[in-house]
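Here's the structure, in structure tokens; my notes come after.
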Amino acid sequence: MSRIFEALELNGIEFEDTPDRNPAISVVHAQPFAKTPKPFAEKILALHQRIEATLGNRPGKIVSIAALEPGDQGFTYSFELARLAAKHLARRVLLLGTWQSGCSTRVLQNGVSRGWEAATFQNAPISEYVHRLDEPPIAVSQLNLTRDALAALASSARFGNTLRRMRKQYDLIVIDTPPMSESMDAVLMSPVVDGTVLIVNAGESRWQVVRNAVDQLTAQNGNVIGVVLNKRRHFIPNFIYRKL
């Protein structure tokens with residue numbers, strides 16, 4: 001593991017309803033996040049900078065965000081990383097979700113009828129499976145429509161070829177998976193991404209459980225590039241903490 005990321009907070013993040021605006025081809029109108037609190041946005045942008053520094057100048061970086069415990073924190077980090085990289089850094093971003101991930105259930109709202117299985121195994125145009133959000137200005141897609149399909153998809157050479165093509169179209173590809181306590185999706189995707197960021201809630205998991213999660217990812221030749229300690233509490237004032 002090359003870096004332990006600074007703890008990031010999830011305070012003040014909520015969904016809000018927004019009306020449709022001039023629908024365009026392949027645009028999905030989802031319920032976007034409310035405005036991101038400035039401190040959290042700054043930390044997400046810092047996370048992006050650290051990912052960039054860790055992975056170097058390779059084009060079309062692919063990063064998986066994997067939460068350890070149940071909850072929405074993995075999706076929140078994935079979505080905010082995609083959104084802020086697109087809006088503040090002018091990156092071309094694709095947010096991919098596996099079956100039952102937050103991207104699937106909350107952005108696409110389980111509204112897609114086909115996943116990348118058809119594009120990979122039936123040679124269908126991948127553009128048919130990628131949609132755009134008008135806010136934030138990112139592309140979104142769902143990898144697999146069933147739990148069992150992901151293993152075959154991830155191990156397919158054709159899937160690897162598809163990802164190589166997508167690297168040329170996007171500066172950053174973020175893969176959102178369900179929590180590792182509920183799904184093996186993050187483990188299955190770990191060999192095909194450039195790096196995995198593990199989200200751990202402070203005080204909820206013993207270090208042995210975190211170590212086991214890292215071992216599962218690296219056992220599949222995954223590259224764990226950092227751990228985010230989420231919901232960390234500071235029991236002394238921040239200005240004193242920074243001087244320690």
*Taking the options 104, 64, name whichever one is under 26 Å from residue 224 (Cα atoms), surrounded by 18 or more Cβ atoms within 10 Å (Cβ to Cβ), at pLDDT 95 or above and in contact with a Ser or Thr (Cβ under 9 Å, 6 or more places away or on another chain).*
64
*Which of the residues belonging to the stretch 122-152 are surrounded by 14 or more Cβ atoms within 10 Å (Cβ to Cβ), farther than 15 Å from residue 79 by Cβ and among the polar types (S, T, N, Q)?*
144
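Determine which member of the set 215, 134, 148 is of a type in the set (Asp, Glu) and either touching a strand residue (DSSP E or B) at 6+ places or on another chain (Cβ under 6 Å) or within 21 Å of residue 82 (Cα to Cα) (or both).
Just one listed residue meets the conditions, 134.
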*polar (S, T, N, Q), farther than 24 Å from residue 52 by Cα and within 19 Å of the chain's Cα centre (by Cα) - does that describe any residue in the stretch 125-143?*
yes
*Neighbours by Cβ (under 9 Å, 6+ apart or cross-chain): first from the stretch 127-142, among the small types (Gly, Ala, Ser); second assigned to a loop (DSSP other than H, G, I, E, B) and buried (at least 18 other Cβ atoms within 10 Å of the Cβ)*: 139/130; 139/170; 141/108; 141/115; 141/130
*Does the stretch 118-129 include one or more residues that are in a loop (DSSP other than H, G, I, E, B), at pLDDT 90 or above and among the aliphatic types (A, V, I, L, M)?*
no
_Need the failing condition index for residue 173 against (1) among the β-branched types (Val, Ile, Thr); (2) under 28 Å from residue 210 (Cβ atoms); (3) part of a helix (DSSP H, G or I), just the number._
(3)
*Restricting attention to the stretch 181-192, report how many residues are of a type outside the set (S, T, N, Q) and surrounded by 24 or more Cβ atoms within 10 Å (Cβ to Cβ).*
3
*So, of the residues in the stretch 53-102 that are touching a Cys at 6+ places or on another chain (Cβ under 8 Å) and in a helix (DSSP H, G or I), which turns out to be nearest to residue 140 (Cα to Cα)?*
79
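The values are calculated or read from the model by the stated rules, or taken from the named source; none is laboratory data. Since this is a predicted model, take the numbers as computed values, not measurements. Here Cβ is always computed from backbone atoms with ideal geometry, including for glycine, and neighbour counts include all displayed protein chains.
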